[in-house]
1. Packing-wise, with mean Cβ within 10 Å as the measure, how do 179-189, 121-131 rank, highest first?
2. Work out the FRET efficiency for residue 145 and residue 249 from their Cβ-Cβ distance, taking R0 = 35 Å, and round it to the nearest 0.05.
3. Based on the mean of other Cβ atoms within 10 Å per residue, sort peptides 82-95, 199-212 so the most packed one is first.
4. Relative contact order of segment 1-48, please, whole-number percent, based on alpha carbon pairs below 8 angstrom and at least 6 residues apart.
5. Can you grab the distance from the C-alpha centre of segment 183-256 to the C-alpha centre of segment 1-40, Å, no decimals?
6. Given a cut-off of under 8 Å on Cα pairs at least six residues apart, what relative contact order in percent is computed for segment 1-87?
7. Tell me what the chain gives for mean residue ellipticity at 222 nm when only DSSP H runs of n ≥ 4 count, each as -39,500 (n - 2.57), the sum divided by the residue total, rounded to 500 deg cm²/dmol.
8. Only Cα pairs under 8 Å and at least 6 apart count here; give the relative contact order of the chain as a rounded whole percent.
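Please treat every number below as a calculation from the coordinates, not as lab data. The structure displayed is predicted, hence computed values, not measured ones. In this analysis, Cβ positions are derived from the backbone assuming ideal geometry, glycine residues included, and neighbour counts consider all displayed protein chains.
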Ligand SMILES: [Zn+2]
Ligand SMILES: [Zn+2]
C-alpha cells in the first residue's frame, strides 16, 4: 500500500478525469491521498474532495507564491477549515524565492502565522521550500520551541541542509524528481534519510517521473518513485511501501 502524501487533485488538470485518475492510482496500489491546498480556494476544494472520497485526506494552507500582505480574512477561513475532521495538516506553506511573484518579507510573515496555527491546532506542517533553505530553517527554529512537527515536501536540498532538517525533527518527502536522469546529486543525498523519516509524494500534476517526463503527473506514477527509492536505500519495494506508509500514518495521525 502506498500513500501519496502530497497531491493537488483539485487542480483544473484533473477536472475532466479526476475519478479515473483516482481509480488508476488505486490499481497501482495508492490507497490513500493527502490533497494539499495551495491557496484559499485550493484549501476549500481539498476539504470538499476529502468529503467526497473516503480515501482522500485534506491539508489546508497558502503556497508562498500566493502570499499577499492582506491574508487576515484568508487565515481566519483556513483556521475554520482546519477544524474539519479529515484535515490532517497545515500546508502547503513556506518560502519560495525562485521567481516568486510574492516578496520574501511578505512570505516570511505569512509562514510565521501558519507555523503558529499549526502549533495551536496540533497539526503537522507541510513545508514548501525553494531557494530559501537558510530562512526556512531559521524561521522554524525561532518559531518552534523543540522539534518541528512537519515535513519538508519535495526535498531537493544538499546533505548539510538534510542533516539540519533531520536534527530539527522534520520528516523528508521525495517527489518523482528523484527519478530524473540528472538527479544524481539528489539520489546521493537521499541515501542518508533514515527509514523512519521518509515519505512519498507526487505533487501531481507537477513533476512527472523520468518515464513520463513532460506529461501531467498522476498519483499512479508514484510507483516509479517507490522503485527508485528502493534502489537508493537498498531495501525491497515492499519495504519502501511499508516504512513510508507507517511514517505517513504517524505524522498525519491517519485513522486508517
Ligand atoms: Zn510545493
Ligand atoms: Zn504542492
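1. Put in order of decreasing packing, that is 121-131, 179-189.
2. 0.85
3. 82-95, 199-212
4. Normalised by residue count, the contact order of segment 1-48 is 50 percent.
5. 15
6. Here the relative contact order equals 27 percent.
7. -13000 deg cm²/dmol
8. 19
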